[in-house]
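Accompanying notes for the structure given below.
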Amino acid sequence: MTGGGASPFGRGMADVTRGNAPSCGTSEPDKRRLRSASQMQCPRQGNTAGVAQTRLAERRTMEVIVRKLFVGIPLLIALIAIGAIQALAHDQRKAVHQVVVPQEDRFTPFAVTIQAGDSVRWVNNDTDDHTVVSDDAFNTAGHQGTNQLLASGRAIVLRFNHPGTFVYYCRFHAHLDSANQPVAPGPEGGIQDANGNFGTPMSGVVTVLPHGGD
Ligand SMILES: [Cu+2]
């Protein structure tokens, strides 16, 4: 073999090994068997330009696809992110309202007004246990039959999805009379403390407005 990287088969073979004339329909072993450059001439030499054009067109198509992906994927990610933020904002509008039992037998505030989808969280800051029991004669906001212990230092949460009223009381510190009105237990319907205060029935009401209402 001569130096300079020249092919013993001449320029034609060098072109073949570079893959410049693959459209002749000649397999690689066949090509090796060919003895002269003239034998390497493809009978359809005119197709070479066509092949090159086809490849150029394919390459351009691929470039267009890649370019579209570069634009499309970030756009898709941005749309997903916007959707997630909107969903989060929508959830955040569903507020949690707090009702506290201070160091005495009452719910404060007595009345809370919320929107459908909101939640109420009862927190017991008292040393005594209390309960949240629904007064179903007046309960139109769901959660009928609620009877939950609100232990000292604990909290419970109810979510209200339906407009209406949720009237409730603590069965340890109130009971319902024949008209379903909460009445404080103890002497003459009151709870007597050291100051002679008989207290009031431990009760409250949640008013649930339709979502978006004032
Ligand atoms: Cu109580």
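Yes or no, residue by residue, for (1) more than 13 Å from Gly204 (Cβ to Cβ); (2) part of a loop (DSSP other than H, G, I, E, B); (3) within 14 Å of the ligand (Cβ to nearest atom):
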| site | (1), (2), (3) |
| --- | --- |
| Ile80 | yes, no, no |
| Gln86 | yes, no, no |
| Val100 | no, no, yes |
| Trp122 | no, no, yes |
| Phe172 | yes, yes, yes |
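For the range 179-202, the criterion of being of a type in the set (S, T, N, Q), surrounded by fewer than 16 Cβ atoms within 10 Å (Cβ to Cβ) and either touching a strand residue (DSSP E or B) at 6+ places or on another chain (Cβ under 8 Å) or at pLDDT 90 or above (or both) is satisfied by at least one residue. Checking each residue in the range 143-168 for being in contact (Cβ under 8 Å) with a residue 24 or more places away in the chain and outside any loop (DSSP other than H, G, I, E, B) picks out Asn147, Leu150, Ala155, Ile156, Val157, Leu158, Arg159, Gly164, Thr165, Phe166, Val167, Tyr168. None of Val112, Val96 is at pLDDT 75 or above, within 23 Å of the chain's Cα centre (by Cα) and away from the ligand (no atom under 16 Å from the Cβ) except Val96.
Within the range 139-155, being away from the ligand (no atom under 16 Å from the Cβ) and either surrounded by 16 or more Cβ atoms within 10 Å (Cβ to Cβ) or among the acidic types (Asp, Glu) (or both) holds for Asn139, Ala141, Gly142, His143. If the condition is being crowded, with 17+ Cβ neighbours inside 10 Å, aliphatic (A, V, I, L, M) and at pLDDT 95 or above, then the range 157-178 contributes Leu158, Val167.
Within the range 130-138, can one find any residue that is exposed (fewer than 12 other Cβ atoms within 10 Å of the Cβ), away from the ligand (no atom under 12 Å from the Cβ) and not β-branched (Val, Ile, Thr)? Checking the range 130-138: at least one residue is exposed (fewer than 12 other Cβ atoms within 10 Å of the Cβ), away from the ligand (no atom under 12 Å from the Cβ) and not β-branched (Val, Ile, Thr).
The values are calculated or read from the model by the stated rules, or taken from the named source; none is laboratory data. What you see is a predicted model, and the numbers here were worked out from it, not measured in a lab. Neighbour counts run over all protein chains shown; Cβ positions are idealised from the backbone, glycine included.
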